[in-house]
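These notes are about the structure you will find just below.
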Amino acid sequence: MRIVRYQTKNDPARYGWLLENKIGSIEGDIFGEYRRLEADTPLREVKLLAPAQPSKILCIGRNYAEHAREQEAEVPRVPLLFLKPPSAILNPGEPIVLPRQSQQVEHEAELVVVVGKRGRNITTDESHDFIFGYTVGNDVTARDLQKTDGQWSRAKGFDTFCPFGPWIDTEFDPSDAIITCKVSGQPRQMASSRDMIFNVNELIAYLSSIMTLEPGDIIFSGTPAGIGALLPGDTVEVEIEGLGKLTNPVVAQA
């Protein structure tokens, strides 16, 4: 099932489910008990929002060997963890804003895991039970600030630097899906999720050994090689085979 978060006109945001090109609203808690209503609202008539409201955004750096090499960095022996603030979340279709503080903002196409229930010290064998679904993400990064700061909070944390969506797929198989990124129609990134150094189950186990995972938390699982600069006027398309496409334009800070 594909779950969306959406708005119609001036109505408050709500969750729904997608059937072909129509949306039906969901009543209740998507991470607990809920019921689906008839899918009768055309997708073109709604505004899609980021499909989760996480308490925390967990991100993994250098989880593809070729990406580590293109940055002339060592391949991590354990997952390399950093965080993005929820204030960085950006809806599908809305513009990534290039901040004046940076001269080198880049895209990072990623598979994103959505946590489905609270958990701590989860084993790899148990991890599947704690995954609600998957979505598409772009870990936008101010690369020059990442290098000069030494730690990554500023480089990863600007407003609009966490686009994800357009929906959560609860039945997606992440074991071998092609992840691609195009910028203004030009291919930049392409790799399979099977090329991850640490797979999704290992990431769930590792992260939950550090902190409690909560329903709705999201995990950016790392980006393949091929990162590159974003310029005003660009359009970024991150697509994951069988999952969906996330599109965002790029603008300069006013």
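Hey, among Glu171, Glu214, Glu202, which residue is in contact with a strand residue (DSSP E or B) (Cβ under 7 Å, 6 or more places away or on another chain), closer than 24 Å to Pro54 by Cα and surrounded by fewer than 20 Cβ atoms within 10 Å (Cβ to Cβ)? Give the derivation first.
Values: Glu171 fails: in contact with a strand residue (DSSP E or B) (Cβ under 7 Å, 6 or more places away or on another chain); Glu202 fails: in contact with a strand residue (DSSP E or B) (Cβ under 7 Å, 6 or more places away or on another chain).
Glu214 is the lone residue from the list that is in contact with a strand residue (DSSP E or B) (Cβ under 7 Å, 6 or more places away or on another chain), closer than 24 Å to Pro54 by Cα and surrounded by fewer than 20 Cβ atoms within 10 Å (Cβ to Cβ).
Can you tell me which of (1) surrounded by fewer than 20 Cβ atoms within 10 Å (Cβ to Cβ); (2) out of contact with any helix residue (DSSP H, G or I) (no Cβ under 9 Å at 6 or more places or on another chain); (3) within 16 Å of Phe82 (Cβ to Cβ); (4) not small (Gly, Ala, Ser) is the one Pro187 doesn't meet?
(3)
Please determine whether any residue of the stretch 76-83 is assigned by TED's automatic domain parsing to the domain that holds Leu207, of a type outside the set (A, V, I, L, M, F, W, C) and under 20 Å from Gly228 (Cα atoms).
no
Regarding the stretch 136-152, can at least one residue be identified that is farther than 20 Å from Gln53 by Cα, acidic (Asp, Glu) and exposed (fewer than 15 other Cβ atoms within 10 Å of the Cβ)?
yes
Going by the structure shown, is Phe132 surrounded by 19 or more Cβ atoms within 10 Å (Cβ to Cβ), assigned by TED's automatic domain parsing to the domain that holds Val105 and under 22 Å from Leu80 (Cβ atoms)?
Judged against the criteria, Phe132 is not a match.
Which one is nearest to the chain's Cα centre (by Cα) among residues in the stretch 25-46 that are part of a strand (DSSP E or B) and within 16 Å of Asp169 (Cβ to Cβ)?
Filtering the stretch 25-46 for residues that are part of a strand (DSSP E or B) and within 16 Å of Asp169 (Cβ to Cβ), the one nearest to the chain's Cα centre (by Cα) comes out as Ile26.
Considering only the stretch 84-98, how many residues are closer than 20 Å to Met211 by Cα and surrounded by fewer than 16 Cβ atoms within 10 Å (Cβ to Cβ)?
Counting residues in the stretch 84-98 that are closer than 20 Å to Met211 by Cα and surrounded by fewer than 16 Cβ atoms within 10 Å (Cβ to Cβ) gives 2.
The values are calculated or read from the model by the stated rules, or taken from the named source; none is laboratory data. Everything numeric here is computed off the predicted structure, so don't read it as measured data. In this analysis, Cβ positions are derived from the backbone assuming ideal geometry, glycine residues included, and neighbour counts consider all displayed protein chains.
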